[in-house]
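Computed from the coordinates by the stated procedures, all read-outs in this text should not be read as laboratory data. Since the model is a prediction, treat every value here as computed from it, not as a measurement. Quick reminder, even Gly has a Cβ in these numbers, built from the backbone with ideal geometry, and neighbours come from all protein chains shown.
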Amino acid sequence: MTVPSVPNKLLVLLASAMGNLTLTLESGFISVSYPALADAFNTSTSTVLWVSVAFWVTGVGLVMTFGWLSDVAGRRRAYTLGFVIYSTGLLLSAFSGEIWHLILFRVLQGVGSAFILASVVAILMPAFPEGERGRAMGIQGAIVGIGLSTGPLLAGLLLDALDWRALFYMRVPVSVLGIFIAWFALPDDRPKKTAFRVDYLGAASLFAVLASSLLLVNRGAEEGWTSPIAIAMAVVLPISLPVLVWTQRRALRPILDFALFRRRRYSAGLGVLMSHYLSQGPILVVAPFFFVDALGFSATKMGIFLMLFPLMRVFLAPVTGMLSDKMSPWLLSGFGLVMMGSSLLWLSFLGTGASQWHILTSLGLAGLGSAFYEPPNTSTIMAAVPSDRHGTASASIASGRQLSFSIGVTLAGAIFAIRERGHLADLLGLGSSADSAAREAISLGFSDALLGGAIIAFIGVALSFVMAQKERRAPRITGSASL
């Protein structure tokens, strides 16, 4: 079987879908495995958490470098290599004898995920003309919704029927299928001038900046800002940042191209992206406490409620993608963030006496807002850069998303913790019983975190509508001439 020189749209779409499905299933599978892994390896939860931390720090730390590599060496090769490395990591993880073996193999999976993330959007761009890209992004948004909503359920079924090892080896066939689809479906896009020089110091300093930023925010919030790892990362970050700037300014083809940020649509698109993912922090980290501890939901019932948020993408993202081919993507993104912010605001006023249908409706509307936002925003960012920088743009979307998730979760958790303690003291001072005060304090702390998320979402709304106004006055220009 030969590699096609002209891309087949459906096969390219399938190849991209395999990457999105593989990596969105990942988050759901691992998040439900912590108790089983702690029991299997007879270790603490704090140690088990490194199974996730090692994966996403590696992935985010390398994705920009691999995006650059896919631009200069060919996206087909980079994308396929990602599946190969990821599959190998899955198989080795299933045979781990010690928790540190598993963490090491998760680093290998993180390397593979970085290659996949760096090209998963970029491979769509040459296969679809401008008027069809929104629809392609919308279909991928639906795939993301399927992976996010079904991952925890499938993982739970595997844990009940088999054991923790099944969470890894059962995904190997899917990942191997991704290897064959990527290699045989994608066109051979190696640049004619194949000689290139990797800036190892630049790549190392970029990894240090991204990894230390994530670890400082995440581990500092989890283990304390004076913990050894937080202090170490607070030292690494200011040392590596000037090295990164120096290496990138002198590079002929920088990994982190600062010139791209002078393109208004690119930088504004990333700003809107960050506001969207920052605003999700209360739903991701605080909502479980509200549902279980304040409302008394079972874990299963909580999962059903929270599943509604990503599930809405499955139904609406393809429609939104098609709309973005016909109207301003900034207006669609802005409308999505209006829905997101309004839903968070509504949810913040519901409290412990709220109707369950009202809670479901607010979560559903937040999910609809997310579905409206994502396809047009992705299309905008990708169209704002030259075609030889699509790998870099795809990687910047992944980096921005993960950084925003991490900061948003930390910020929401901090608001909740501080406000919940304050509300509890006030309620006990007013004579409320300990149990009633605890439940009400959790609800009020959740409301405060939701208000913070809503404010961030509305900042994204303002930026979207400012850009829509600017582009209404100046005709939209795409591709390498985009500003």
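The residues 223, 420, 471, when put in order of fewest to most other Cβ atoms within 10 Å, stand as 223, 471, 420. For the stretch 258-483, the convex hull drawn through the C-alpha positions has a volume of 116 cubic angstrom per residue. Taking the Cα centre of the chain as origin and assigning +1 to Lys and Arg Cβ atoms and -1 to Asp and Glu Cβ atoms, the resulting dipole is close to 1920 debye. Tell me which GluC sites (Glu not before Pro) from the stretch 97-182 have a DSSP coil assignment and no more than 10 other beta carbons within 10 Å of their own. Within the stretch 97-182, the qualifying GluC sites (Glu not before Pro) (loop, at most 10 other Cβ atoms within 10 Å) are 98.
For the pair residue 43 and residue 169, label points projected 7 Å from Cα toward Cβ lie 2.0 nm apart. Counting only aspartates and glutamates at least 8 places from residue 301 when in the same chain, those with an alpha carbon closer than 15 Å to its own are 293.
Helix 50-73 and the longest principal axis of the Cα set of the chain meet at an angle near 20°. Only one residue of 55, 42, 157 has its Cα farthest out toward the positive end of the dipole of the stretch 1-196, where Lys and Arg carry +1 and Asp and Glu -1 on Cβ, and that residue is 55.
Spatially, the stretch 231-254 and the stretch 32-73 are offset by 23 Å when compared through their Cα centroids. Note: relative contact order over the chain, using C-alpha pairs below 8 Å and six or more positions apart, is 23 percent.
What is the packing order of peptides 424-430, 141-147, taking the mean over residues of other C-beta atoms within 10 Å and listing the highest first?
On the way: 424-430: 13.7, 141-147: 23.1.
The peptides rank, most packed first, as 141-147, 424-430.
Starting from one equal scatterer on each C-alpha and no solvent at all, send me the Debye-based log10 I(q)/I(0) for the stretch 215-351 at q = 0.22 Å⁻¹, two decimals. Listed by q, the Debye log ratios stand at -1.26. Listed values for the stretch 371-378 are Karplus-derived 3J(HN,Hα) couplings in whole Hz (6.51 cos²θ - 1.76 cosθ + 1.60, θ = phi - 60°), namely 5, 5, 6, 5, x, x, 5, 4, and x replaces Gly and Pro. Put simply, the Cα atoms of the stretch 1-196 extend 53, 35, 29 Å along their principal axes, the longest span coming first.
Within the straight-line cut-off of under 18 Å between alpha carbons, the aspartates and glutamates reachable from residue 9 are 130, 132, 188, 189, 325, sequence neighbours fewer than 8 places apart in one chain being disregarded. Taken over the Cα atoms of the stretch 350-483, the convex hull encloses 123 Å³ per residue.
Computed from Cα atoms, the angle from the helix 299-324 axis to the main principal axis of the chain rounds to 40 degrees.
Here the dipole of the stretch 1-196 is about 640 debye; that uses its Cα centre as origin and unit charges on the Cβ of Lys and Arg (positive) and Asp and Glu (negative). Phi angles across the stretch 205-213 convert, under the Karplus curve 6.51 cos²θ - 1.76 cosθ + 1.60 with θ = phi - 60°, into 3J(HN,Hα) values of 5, 5, 4, 4, 5, 5, 5, 5, 4 Hz, Gly and Pro given as x. Computed over the stretch 116-192, the percent of Cα pairs more than 20 Å apart is 50. Whole-Hz Karplus values for the stretch 346-361 come out as 4, 4, 5, 9, 6, x, 6, x, 6, 5, 5, 5, 5, 5, 4, 5 Hz, taken residue by residue from phi with 6.51 cos²θ - 1.76 cosθ + 1.60 and θ = phi - 60°; glycine and proline positions read x. Working from label points 7 Å from Cα in the Cα-to-Cβ sense, the residue 417 to residue 200 distance is 4.0 nm.
For the stretch 258-483, the relative contact order works out to 40 percent when only alpha carbon pairs closer than 8 Å and six or more residues apart are counted.
Once the C-beta distance of residue 435 and residue 358 is scaled by a Förster radius of 22 Å, the resulting FRET efficiency is 0.40 to the nearest 0.05. From largest to smallest, the equivalent ellipsoid semi-axes obtained for the chain from the alpha-carbon gyration tensor read 35, 27, 23 Å. In vacuum, with every alpha carbon of the stretch 149-193 counted as one equal point scatterer, what does the Debye formula give for log10 I(q)/I(0) at q = 0.15 Å⁻¹? Two decimals, please. Listed by q, the Debye log ratios stand at -0.55. Extending 7 Å from Cα along the Cβ direction at residue 227 and again at residue 34 yields two label points whose distance is 1.1 nm.
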